[in-house]
Amino acid sequence: MSSTLLQARTAAEELIAFIDASPSPWHAVASCEQRLQDNGFSRLNEADRWQLAPGGRYYVVRGGASIIAFVLGSQPLAEAGLRIVGAHTDSPGLRLKPNAAQASDGLLRLAVEVYGGPILATFTDRDLSLAGRVVLRSGSGVETRLLRCERPLLRLPNLAIHMNREVNEKGLKLDKQSELPLILGMAGAAASAEEAGAQLRSLLAGALHAEASDLLSWELAAYDVQKGAFWGAEEEFIAASRLDNLASCHAALAALLATGVAEGTTIAAFFDHEEVGSESATGAGGSFIADVLARIADQCGLDSEDRRRCLARSFFVSADMAHAYQPNFPAAYEPGHKLLVNGGPAIKSNANQRYSTNAETAAHFMRLCEQAGVPCQQYSHRSNLGCGSTIGPLLAAQLGIASVDVGSPLWAMHSLRESAGVLDHAWMIAALAAHFSSPLPLR
């Protein structure tokens, strides 16, 4: 293994551990919160009055699945501005319906709803389990607990090729209503829906060490229990679930923790619901970031004029994974924009503003990469294919801040098992750290 790979491996090992500990958006925020507390950050409650100290390190959680962490800069906010990195905690997949349990044909199955745009075929024949949050009755009213079943509980068995002879020619297609229910176990031949529901409630209660009668509601997702791993001749690649977009969250958090107190106020903002449009109280299309920035400005004594001066001196990096070139499918890529895994962070551009990048913000990120000694690449989507989007355009429009969209190259985006590069993750951390410590960007 090369010395460069050895140096980058520690960050990749930490990434794999972070993802393994974060099977749902709520677990991802809990993982972030633990790291922040270990590094001296104090939790703020949106319902309380805030008292912020110069150089203070704080974070705030909304809805359990979105978190914003920040460090107040050493220079006046109106003069030094903000250095923001945004990412998202959610990933596409399968979510349980409220009354999920079904009993038929001697089997207990769970009805699911498709969340976002996963590659559904990748969920077949995998060791799946349940993770998310459950709300229970408590002595004081209700309490929310994280739930993670670590052993395989669920499976979506494929149809044998003898019954689907054209699967290799036409691909596996699954009806979202009738062909996605997940097998949980055996059920009596005459089992009722009520009995099936009671069996599921008993299983969840046992995992939480609670009474089944105390369970009120839940938000649960199916996840793959297989842990992340290194692969390749020199273990230069990473395979894991939810690399999109927990790799960006981890990189931003690692960069924030490595930066300390910079001249500008540094912010890492991770949002839920990006995969379904971001239009929620906890999504990037909501008020979370604007509310936090307004309260920081109030605490720093900024008037209306200085708030606008602050935003004009700020820079936002939208970090979301990018499509790596897969040479088996050359027709899917723009010929001049083939992203190489382990080729460095990608700057993502789109003329129709699916990404927030413009020429000036792209140049600024290029300079940050140069300062960090990191290679970078440029990405544009093929013109005859629909281009995805990110939180970048949403927040750039909402806040009026100069913005760039970037991401580490990723194979099999939205698969249950994605792949990325060891070097790319370390380089993204370095580039984001350079952003957090950078002086006023050119406008």
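The values are calculated or read from the model by the stated rules, or taken from the named source; none is laboratory data. Note that the structure is predicted; figures quoted are calculated from it, not measured. We place every Cβ from the backbone using ideal geometry, glycine too, and count neighbours over all the protein chains shown. Accessible surface areas use protein heavy atoms only, side chains included; no ligands, DNA or RNA. Shrake-Rupley method; radii C 1.70, N 1.55, O 1.52, S 1.80 Å.
Computed values, structure above
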{"read-out": "Solvent-accessible area, 1.4 Å probe, carbon plus sulfur percent, for the chain", "value": "50 percent"}
{"read-out": "Projected area, mean over directions - the chain, Cα convex hull, nm²", "value": "23.0 nm²"}
{"read-out": "Rounded to the nearest 10 Å², the accessible area of His27 at probe 1.4 Å", "value": "20 Å²"}
{"read-out": "Accessible surface, per residue, of region 168-280 when the full set of protein chains is kept, probe 1.4 Å, Å²", "value": "44 Å²"}
{"read-out": "The chain: calculated mean residue ellipticity at 222 nm from DSSP helix runs of at least 4, using -39500 (n - 2.57)", "value": "-9000 deg cm²/dmol"}
{"read-out": "Among 381-393, 126-138, the order from most to least packed when residues are scored by Cβ within 10 Å on average", "value": "126-138, 381-393"}
{"read-out": "On Cα atoms only, tilt of 359-372 relative to the major axis of the chain in degrees", "value": "90 degrees"}
{"read-out": "Cα-centred dipole magnitude for the chain, charges only on beta-carbon of K, R (+1) and D, E (-1), debye, nearest 20", "value": "260 debye"}
{"read-out": "Ellipsoid semi-axes in whole angstrom, largest first, where each is sqrt(5λ) of the Cα gyration tensor of region 139-266", "value": "36, 30, 13"}
{"read-out": "Those GluC sites (Glu not before Pro) in region 253-329 that DSSP places in a loop and that have at most 15 other beta carbons within 10 Å", "value": "Glu279"}
{"read-out": "Cα lying deepest toward the dipole's positive end in the chain, options Val112, Met413, Cys376, charges on Cβ", "value": "Cys376"}
{"read-out": "Part-to-part distance (alpha-carbon centres) for region 181-237 and region 47-79, which is given in Å", "value": "36 Å"}
{"read-out": "Probe 1.4 Å, accessible area per residue of region 299-358, Å²", "value": "49 Å²"}
{"read-out": "Anchor Lys348: aspartates and glutamates whose Cα lies under 12 Å away (excluding residues fewer than 8 positions away in-chain)", "value": "Asp320, Asp405"}
{"read-out": "Gyration tensor over alpha-carbon atoms, region 348-443, equivalent ellipsoid semi-axes in Å", "value": "22, 20, 12"}
{"read-out": "P(r) tail fraction, region 1-130 - alpha-carbon pairs more than 26 Å apart, %", "value": "47 percent"}
{"read-out": "Whole-angstrom gap from region 338-405 to region 241-267, using each part's C-alpha centre", "value": "17 Å"}
